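Have a look at the structure below before the remarks.
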Amino acid sequence: MAIIGLGNPGPEYEGTRHNAGYRVMEALARELSASRPFRLQKSICATTVYAGSRLILVQPVTYMNLSGQAVAELFRHYRLAVNNLLLIHDELDLPLGTLRFKSGGSSAGHQGVQSVIDSLGNSEFLRLRFGIGRPLLTEETVDYVLETFTHLEQEMVESTVGTAIIAIKLLIREGLVAAMNRFN
């Protein structure tokens, strides 16, 4: 199974709302004692085994809106099937601190997810949506997603990252229905 956390590369994007997928991926790699990271052309990857499943943990190093390029490269390199993908991404339509699994469907306007759908030619993959909430009416969405979380939000974000790890481990051990029943 490939688990891909979306985000933007570079120190200027560390800790931003749009990098929630990166944040979960980094925590998951630590939790599962993943291999030393290695580089494909458009991704940083690590491998591990959990509950008998071989996992490829991935952070695309393209910008968010080009994430599909990295995913397509990964799929070619490892000869993966769409049903072996979990994509972790930030979600404006969920309140901060909320997690939801989703199987297939549209990108709901998320350009990184749309890039993956376009590159794979298929939208029937699993997603873990990490709620970041919506900006105030006076703030542009593009500015909001590229902001870092406030100090007040940090504690909730860290807790949600921890919950995401628990959710992903349950998904791997017991499947989507069990994970959705508990976390949706």
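Values quoted throughout were computed directly from the atomic coordinates according to the rules given, and no laboratory measurement underlies them. Here the structure is a predicted model, which is why all the values come from computation and not from measurement. All Cβ positions, even for glycine, are placed from backbone atoms using ideal geometry, and neighbour counts span all protein chains on display.
Run the numbers for Asn122 and His77: contour at 0.36 nm per residue of separation, minus the present Cα-Cα distance, in nm.
Result: 14.4 nm gained on full extension.
Rank Ser43, Ser67, Ser53 by mean-square fluctuation in a GNM of the chain with C-alpha springs under 10 angstrom and give only the top-ranked residue.
Among Ser43, Ser67, Ser53, the largest GNM mean-square fluctuation belongs to Ser53.
What GluC sites (Glu not before Pro) does region 19-128 have in DSSP loop regions with at most 16 other beta carbons within 10 Å?
Sites meeting the loop and neighbour criteria: Glu124.
Okay, which of region 115-143 sit inside 18 Å, backbone N to the point 7 Å along the Cα-Cβ direction of Ser107?
The answer is 115-130, 141-143.
Can you give the FRET efficiency to the nearest 0.05 for Ser159 and Thr47, using r as the Cβ-Cβ distance and R₀ = 30 Å?
Calculated value: 0.65.
If you add up the charges near Phe130, with Lys and Arg at +1 and Asp and Glu at -1, over every other residue whose beta carbon is less than 12 angstrom from its beta carbon, what do you get?
In short, +3.
For Ile44, enumerate residues with amide H under 5 Å from its amide H, sequence gap 5+ or separate chain, H modeled in the peptide plane.
For Ile44, whose amide H was placed from the backbone, the distant partners under 5 Å are Gln59, Val61.
For region 1-82, which trypsin sites (Lys or Arg not before Pro) are in a loop by DSSP, counting at most 14 other Cβ atoms within 10 Å?
Arg79
Gap in Å between the Cα centre of region 141-184 and the Cα centre of region 1-34?
Distance between centres, Cα-based: 11 Å.
Using a Gaussian network for the chain with springs between C-alpha atoms less than 10 Å apart, which of these wobbles most: Val145, Val61, Val82?
Fluctuation is largest for Val82.
Excluding Glu31 itself, calculate the net charge of residues whose Cβ lies under 15 Å from the Cβ of Glu31, where each Lys or Arg counts +1 and each Asp or Glu counts -1.
Within the 15 Å Cβ shell, the charges total +2.
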